[in-house]
1. Quick check, is A:Ala119 at pLDDT 95 or above, away from chain B (no Cβ under 14 Å) and farther than 27 Å from A:His266 by Cβ?
2. Of the numbered conditions (1) crowded, with 23+ Cβ neighbours inside 10 Å; (2) within 14 Å of chain B (Cβ to nearest Cβ); (3) of a type in the set (Asp, Glu), A:Asp159 fails exactly one; give the number of that condition.
3. Looking at (1) at pLDDT 95 or above; (2) within 28 Å of A:Ala107 (Cβ to Cβ); (3) basic (Lys, Arg), which is the only condition A:Arg225 fails?
4. Checking B:Leu188 against (1) within 14 Å of chain A (Cβ to nearest Cβ); (2) at pLDDT below 95, which test does it fail?
5. Against the conditions (1) in contact (Cβ under 8 Å) with a residue 40 or more places away in the chain; (2) within 14 Å of chain A (Cβ to nearest Cβ), where does B:Ala9 fall short? Just the number, please.
6. Kindly establish whether B:Pro55 is out of contact with any Gly (no Cβ under 6 Å at 6 or more places or on another chain), farther than 12 Å from B:Arg93 by Cβ and at pLDDT 95 or above.
7. Out of B:Glu143, B:Glu92, B:Glu133, which single residue is over 25 Å from B:Ala43 (Cα atoms), surrounded by fewer than 17 Cβ atoms within 10 Å (Cβ to Cβ) and touching a residue at least 24 places away in the same chain (Cβ under 8 Å)?
8. Can you name every residue in the range B:25-54 that is out of contact with any strand residue (DSSP E or B) (no Cβ under 9 Å at 6 or more places or on another chain) and among the β-branched types (Val, Ile, Thr)?
Amino acid sequence: MSAVEHRFGPYGGQYVPETLMPALAELERAWVAARDDPGFRSELEGLRRDYVGRPSPLYLARRLSEAAGRRLYLKREDLNHTGSHKINNALGQALLARNMGKRRIIAETGAGQHGVATASACALMDLECVIYMGVEDVRRQRPNVQRMELLGATVSPVDAGARTLKEATSAAIRDWVANVESTHYIIGSAVGPAPYPAMVRDLQRVIGDEARAQVLEQEGRLPDRVIACVGGGSNAIGIFAAFIADDGVELIGVEAGGEALEPGRHGAPLTVAGRPGVLHGALSAVLQDEMGQILEAHSISAGLDYPGTGPEHAHLRDTGRARYVAVSDAEALETFRRVTRLEGIIPALETAHALHYALQPAEADVDLICCSGRGDKDLAEVLAQA
Amino acid sequence: MTRGAEAIAAAFGGDGRRAALMPYMMGGFPDLATSRRIGEAYADGGADLVELGIPFSDPLADGPVIHAAGTAALRAGATTHEVLVLGSAVAERVPVVAMVYANLVMARGVDRFVDDLAAHGVSGLIVPDLPMEESDAVREACEASGLALVPLVAPTTPDERMVRIGARARGFLYAVSVTGTTGERVALSDAFAALVTRAKAATAVPVALGFGIGTPDQAREAADAGADGVIVGSRLVRAAAEADGSDAAAAAVHALVTAFADALR
């Protein structure tokens with residue numbers, strides 16, 4: 001029995017070239033040692049507090065609550081340093097890499113939030129940093145590209161396939177295969193081969209642990225529903241993790257419905273529930289054709305524009321513990337504007353998917369929504385849609 | 001020994017070569033008709049075994065040349081079924097080992113996929129993203145269908161792990177000569193000879209060296225280091241990509257395969 005989950009029900013595993021297998025074993029050993037090491041924990045906790053600004057606030061959104069007719073609490077990951085939940089994972093893995101003696105860091109990014117978080121952590125720890133990003137995402141998330149470059153990272157544009165997150169992830173994995181001895185790959189979501197999905201969840205679990213305590217304190221009870229957007233699903237698994245044992249709390253993941261729930265036009269593999277498949281090292285819900293070729297995803301939100309998802313989400317869906325739904329591009333855009341006007345909070349387009357679902361009529365009194373990131377990066381894209 | 005393993009063993013035994021020549025082709029690239037001629041040209045040029053790639057959308061173990069060829073083959077409409085039909089034609093000349101990513105095997109269903117390979121005369125299967133820990137179902141299906149499941153070892157594979165992989169190898173053991181993806185290299189890494197020695201000590205089946213062998217001199221170096229087989233991939237796929245038309249592609253790969261074969265005499 002491994003100390004870190006390799007499988008979630010039938011999902012997960014390590015579907016990678018042999019070259020990487022010893023590195024995954026080394027990473028797992030290092031992670032198991034670090035997570036129980038008081039020195040590592042106290043350094044990470046100190047950085048979370050003083051560098052990231054944790055705990056992030058839990059905010060009872062006044063006007064959104066009025067509009068919804070129930071109390072909506074936002075877990076304000078958008079207020080973290082670098083503007084999203086991604087820094088929780090990036091800092092933890094950068095510390096781990098430094099402890100492992102790996103001086104070179106690679107990462108993939110879609111919206112650029114994970115890229116910025118990783119570039120920041122690498123600047124702080126004086127590590128070399130290369131970020132793979134699809135050419136299409138470089139275009140639509142320009143401010144984040146500029147931030148990464150200012151932070152000293154090399155942004156490597158990936159010109160293959162649909163030029164988005166899937167290809168960026170593939171390029172990062174190929175780099176890792178070639179440079180595995182010197183390099184650590186900071187994967188940005190709860191995807192990839194074991195031990196990544198469990199390790200990323202554990203690093204993001206701080207969202208749920210804080211939010212659970214905060215909502216109990218402010219509301220005197222647990223929420224009826226916990227709602228988060230799901231691309232790879234790291235903010236969602238991070239907030240869900242603290243509530244999985246609370247049977248009365250409904251867990252809802254909101255995927256990218258894109259233009260329509262038709263092949264090639266969305267990013268909602270959990271919602272459409274096709275055959276499971278292997279992408280980027282794990283068996284999970286994947287958008288694929290009859291032959292097993294991976295399909296391109298589509299979403300207005302670069303962070304959700306991905307044909308796969310984390311293996312633990314596929315298992316939570318199958319067991320019925322969590323439920324997954326899709327929100328379209330148009331709905332997310334509408335809610336992006338609405339939330340901005342109602343609350344004076346500009347959410348990331350990714351987050352706007354979760355907010356949109358939360359604002360629909362429901363049998364609930366208290367909702368907890370992961371406000372996973374801020375939307376400054378999305379201004380150009382949103383304004384161009386006007 | 002299974003039918004597939006016997007056919008592969010015969011390919012390693014042959015005609016006074018110092019090592020078996022095992023050229024790779026991307027099935028359906030640049031198109032199905034040309035690809036069929038490329039298979040013929042490999043056999044005519046002196047291939048002992050042909051490694052047949054089935055195009056996949058997300059080939060993580062491949063460098064830019066083979067990745068692009070797979071993408072182009074899919075864009076040209078190649079399907080797994082058509083590539084297997086092509087493989088059955090090549091298999092009438094020399095043994096064929098299919099190189100297939102895990103998702104294509106699983107999407108069809110492991111047993112059905114392996115049965116399809118066997119029905120098309122394929123002797124062995126390489127799944128570059130299916131390490132030992134994940135391979136039980138595929139290995140059992142291969143045993144049942146008479147196919148050899150060929151595992152890979154890399155320079156990063158520790159000795160103890162290599163022995164466990166080597167014990168499960170059927171047909172041959174595929175030694176990845178470089179820490180990296182497929183593609184031509186200016187020179188073989190210093191470590192490749194040590195890898196061949198380690199791999200041979202770890203298994204009873206022949207050891208074939210692949211990834212990064214792009215010149216006849218490098219093929220000869222591999223044989224000198226004790227490799228029982230030499231796999232040449234990206235160099236040949238690049239020749240097919242650069243050729244202008246079907247005739248030129250077949251002629252170009254024929255000339256190259258002949259040169260590699262001569263180097264291994």
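1. In short, yes.
2. With (1) crowded, with 23+ Cβ neighbours inside 10 Å; (2) within 14 Å of chain B (Cβ to nearest Cβ); (3) of a type in the set (Asp, Glu) applied to A:Asp159, the lone miss is (1).
3. Condition (2) is where A:Arg225 drops out.
4. (1)
5. For B:Ala9, the exception is condition (2).
6. Considered against the rule, which asks whether it is out of contact with any Gly (no Cβ under 6 Å at 6 or more places or on another chain), farther than 12 Å from B:Arg93 by Cβ and at pLDDT 95 or above, B:Pro55 comes out as no.
7. That would be B:Glu143, the only listed residue that is over 25 Å from B:Ala43 (Cα atoms), surrounded by fewer than 17 Cβ atoms within 10 Å (Cβ to Cβ) and touching a residue at least 24 places away in the same chain (Cβ under 8 Å).
8. B:Thr34
The values are calculated or read from the model by the stated rules, or taken from the named source; none is laboratory data. Being a predicted model, the structure only gives us computed values, none of them experimental. We place every Cβ from the backbone using ideal geometry, glycine too, and count neighbours over all the protein chains shown.
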